[in-house]
Amino acid sequence: MLKTQTYTTGWIDSSIHTFLMDIQTPPTSMTYAFITCLDSCPDLSSIVSKSPALGELRSYARIVGKGIVVPTKKLLVVERTQRIFYGFDEVWFFPHVDMIKPKPPKLYITGPMDLPEELPNQLVRWMEGSKCSLGLGDGTGLNFVVKLTGIAKHIVQHWSA
């Protein structure tokens, strides 16, 4: 478990798919999902128009940089009916669509990499500037970067240590 400025990072033995299946109604901090890697492909902007996996999300998708932004409620519906996330994926969550900017290049949190001792300043600035509440990257377990305070921070630090 690592602490970097306002974000807590860690790893749990799970996946993006499993995490999403446990959410019935996303909190307002997760209103929008920014998918930046799907099955090891970091350029979703080039595949969104032809990918069968993204077909149900296509009409809701907004391209931002090389990723796509979709309403999290729509993502949950599609993930439940037609699985999208199988591993080596990356998704970030935001409260507002207009704050989402392209993710800095060459910065990934997908497995099997371990998160560094300190998150790169460029990633922290991007997350803070866009009000990102959570980033998930899977592959070999689930890496996460989450904005936490108070008791929630202590609980997550305890359980993912």
Q) Can you name the residue in the range 30-45 that is crowded, with 17+ Cβ neighbours inside 10 Å and part of a helix (DSSP H, G or I) and is also farthest from the chain's Cα centre (by Cα) among such residues? A) Leu44
Q. If you check every pair at least six apart or on different chains, which have Cβ atoms under 7 Å apart with a residue in the range 6-26 that is farther than 19 Å from Tyr108 by Cα and touching a residue at least 60 places away in the same chain (Cβ under 8 Å) first and a residue that is of a type in the set (Lys, Arg) and outside any loop (DSSP other than H, G, I, E, B) second?
A. Pro26/Lys73
Q: Could you tell me which of the residues Val69, Val48 is out of contact with any Ser or Thr (no Cβ under 9 Å at 6 or more places or on another chain) and assigned to a strand (DSSP E or B)?
A: Val69
(Q) Among the residues of the range 90-107, what is the count of those that are part of a loop (DSSP other than H, G, I, E, B), over 25 Å from Gly55 (Cβ atoms) and in contact with a Ser or Thr (Cβ under 9 Å, 6 or more places away or on another chain)? (A) 3
**Q.** Residue among Gly55, Gly87, Gly10 that alone is at pLDDT below 95, within 21 Å of Pro112 (Cβ to Cβ) and part of a loop (DSSP other than H, G, I, E, B)
**A.** Gly87
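Does Val97 qualify as being in contact (Cβ under 8 Å) with a residue 60 or more places away in the chain and more than 25 Å from Leu115 (Cβ to Cβ)? Please lay out each step first, then the result.
Values: in contact (Cβ under 8 Å) with a residue 60 or more places away in the chain: yes; more than 25 Å from Leu115 (Cβ to Cβ): yes.
Against the criterion (in contact (Cβ under 8 Å) with a residue 60 or more places away in the chain and more than 25 Å from Leu115 (Cβ to Cβ)), Val97 qualifies.
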Q) Which is farther than 18 Å from Leu136 by Cα, crowded, with 16+ Cβ neighbours inside 10 Å and not hydrophobic (A, V, I, L, M, F, W, C), of Ser51, Ser59? A) Ser51
Q: Filter the range 90-115 down to residues that are aliphatic (A, V, I, L, M) and within 17 Å of His17 (Cα to Cα) and give me whichever is modelled with the lowest pLDDT.
A: Ile109
Q | Residue in the range 65-78 that is modelled with pLDDT of 90 or more, farther than 20 Å from Ile109 by Cβ and of a type in the set (Ser, Thr, Tyr) present | A | no
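The values are calculated or read from the model by the stated rules, or taken from the named source; none is laboratory data. All values reported here derive from a predicted model rather than from experimental measurement. Cβ coordinates were reconstructed from backbone atoms using ideal geometry, including for glycine residues, and neighbour counts include every protein chain displayed.
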